[in-house]
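Below is one structure; the comments refer to it alone.
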Amino acid sequence: MKYRKKTGRLWLLLAAVTFLAAGYSMTAFGEEAIKSVSVTVTSSVEAEADEGTVSATANSSKYRVVSCDFANSRGSWKAGETPKVTIELEAEEGYYFSSINAGKATVKGAVYSSAKKGSDNHSLTLSVKLKGVKGTLGTVWYTGWRRRHPPAMTSFPG
């Protein structure tokens, strides 16, 4: 009788360890972890023009782009400014987001800044930066050197 109790507990312990080990790659509901993301960002932002447009496309069937908007929206952009963009991703059914960092995020058309998972692990917010706004910088009205006088010397090294 004691032997059966011990083997029963052993099997229960073995089953629990197996279940927990499987949880690192899948959730309890059989979902698969998304360990990296890839998106392509397209934008049309010009200096002194209207706000411009930005869009993103997911490069995987495991997730989709829900929204893509400017984080630092302007009425019009100045040449050299760096637009920031927020991209919301949503995992497709059967998937969830694992930890995503710079080494696990590929962003074409922009530069990765950060990623933040939603509380349910089925959404991910990417923050990216576009290249500097193209355009002509403002007119330079004055340039020159300012003459600077050296401090007066009271004694000379001898």
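Bear in mind that the values in this text are calculations on the coordinates, not laboratory data. Every value quoted in this text rests on a predicted model; they were computed, and no experiment measured them. So basically every Cβ, Gly included, is an ideal-geometry build from the backbone, and we count neighbours across all protein chains shown.
Listing for the model above:
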| quantity | calculated |
| --- | --- |
| Cα gyration tensor of the range 62-136 - equivalent ellipsoid semi-axes, whole Å, descending | 27, 12, 9 |
| Segment residue 51-residue 69, length gained on full extension (0.36 nm per residue, minus Cα span) | 5.4 nm |
| Label-to-label distance, nm, for residues given as residue 59 and residue 131 (7 Å Cα→Cβ offset) | 1.6 |
| Above-threshold pairs, the threshold being 25 Å between Cα atoms, out of 62/131; 35/116; 62/134; 62/117 | 62/131; 62/134 |
| Most to least packed among 91-104, 35-48 [average Cβ atoms within 10 Å] | 35-48, 91-104 |
